[in-house]
1. Select from the stretch 107-120 the residues that are part of a loop (DSSP other than H, G, I, E, B) and in contact (Cβ under 8 Å) with a residue 12 or more places away in the chain and list them in ascending order.
2. Looking at (1) over 22 Å from residue 153 (Cβ atoms); (2) buried (at least 18 other Cβ atoms within 10 Å of the Cβ), find the lone condition where residue 186 falls short.
3. In the stretch 158-179, how many are small (Gly, Ala, Ser) and either within 22 Å of residue 201 (Cα to Cα) or within 11 Å of the ligand (Cβ to nearest atom) (or both)?
4. Taking the condition modelled with pLDDT of 95 or more, away from the ligand (no atom under 16 Å from the Cβ) and of a type in the set (Gly, Ala, Ser), does residue 246 pass?
5. If you take the residues of the stretch 121-157 that are open to solvent by 40 Å² or more (accessible area, probe 1.4 Å) and acidic (Asp, Glu), which of them is nearest to the ligand (Cβ to nearest atom)?
6. Which of the residues belonging to the stretch 153-174 are over 14 Å from the mean Cα position of the chain (by Cα) and over 20 Å from residue 260 (Cβ atoms)?
7. Got a sec? Which of 24, 52 is surrounded by 15 or more Cβ atoms within 10 Å (Cβ to Cβ) and within 16 Å of the ligand (Cβ to nearest atom)?
8. Mind counting the residues in the stretch 96-120 that are open to solvent by 20 Å² or more (accessible area, probe 1.4 Å) and in contact with a Gly (Cβ under 9 Å, 6 or more places away or on another chain)?
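The values are calculated or read from the model by the stated rules, or taken from the named source; none is laboratory data. These figures come from a predicted structure and were not determined experimentally. Counting neighbours? That spans all protein chains shown, and the Cβs are built from the backbone with ideal geometry, glycine included. What goes into the accessible areas is simple: the full protein's heavy atoms, side chains included, and nothing from ligands, DNA or RNA. Shrake-Rupley method; radii C 1.70, N 1.55, O 1.52, S 1.80 Å.
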Amino acid sequence: MSRVVYVNGRFVPHGQAAVHVEDRGYQLADGVYEVWAVLGGKLADASGHFERLARSLSELSITPPMERAPLEVLLRETIRRNHVREGLVYLQVTRGVAPRDHAFPAPHTPPSVVITAKRVDRAAADARAERGGAVITVPENRWGRCDIKTVGLLPNVLAKQKARAAGAVEAWFVDELGLVTEGASSNAWIIDKTGVLRTRDTQANILRGVTRKTLLQILAREGMRIEERPFTLEEAREAKEAFITGAGTLLLPVVSIDGKPIGGGTVGPVAKRLRRLYIEEARRTAV
Ligand code: PLP
């Protein structure tokens with residue numbers, strides 16, 4: 001079935017969707033993006049993603065292209081036109097089209113907006129989650145503003161490719177202190193050898209994951225022991241369990257790090273349960 005993309009005010013066939021060559025997103029990675037999981041045709045963790053989008057734009061002084069309400073209409077329309085029940089909707093906003101120059105273009109240059117939606121085979125994703133995935137590690141080499149969800153993703157691209165080549169699902173960045181920061185497209189979690197759930201605090205140079213935030217609320221409700229505190233690669237290797245969170249994978253158990261099995265080398269009971277709890281909550285609150 002033919003896919004449809006929203007580009008700067010129009011819905012166009014996927015094969016014909018294009019931005020100008022002098023779009024600053026294309027030329028300079030001068031733009032931000034957001035990704036919502038689509039569950040049952042609805043937006044998961046909707047507000048969290050809209051709030052982060054507003055923050056990313058504000059941190060880069062990019063003019064918001066429109067209010068949340070019309071943007072939400074466009075996201076839903078893209079989902080509808082692509083017949084997505086289970087999948088992802090992707091939004092990109094750049095500083096617009098202007099003659100290439102590092103400094104900002106003239107004020108009132110309209111931001112560019114692109115929205116795409118795609119289906120995810122949820123049964124296949126569930127099956128993969130049942131098996132768990134491998135993670136590799138790479139040195140942290142990103143800029144100091146990973147809290148902004150920019151389209152400048154080259155270190156993440158290279159890290160993910162290295163993971164893919166190694167048959168792994170994700171690459172974890174490890175900083176110069178030996179601390180895990182986050183994944184190339186997910187947040188990193190462990191259940192340490194004392195049974196405490198650990199994930200890096202958001203004062204660190206990481207993306208403030210929306211899935212992470214919802215999961216923290218679930219963990220608080222469940223009365224689980226949780227510490228937003230960095231963990232070393234060493235601690236991760238000795239962990240009882242590990243997993244990643246993000247709009248793409250939702251919650252995916254990790255069964256090995258750099259080829260060494262975590263826990264028993266199979267999906268642990270806590271990660272399995274938390275995946276179920278997160279998905280139930282995300283479906284219940286999707287709008
Ligand atoms: N960290 C990075 C670098 C990401 O790219 C992502 C998602 O794409 C995440 C974390 C998880 O964020 P969220 O849960 O909001 O999808």
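1. 109, 110, 111, 120
2. (1)
3. 3
4. So residue 246 fails the test.
5. 140
6. If the condition is that a residue be over 14 Å from the mean Cα position of the chain (by Cα) and over 20 Å from residue 260 (Cβ atoms), then 154, 155, 158, 161 are the ones that fit.
7. Criteria check complete, one pass: 52.
8. Residues meeting the conditions: 8.
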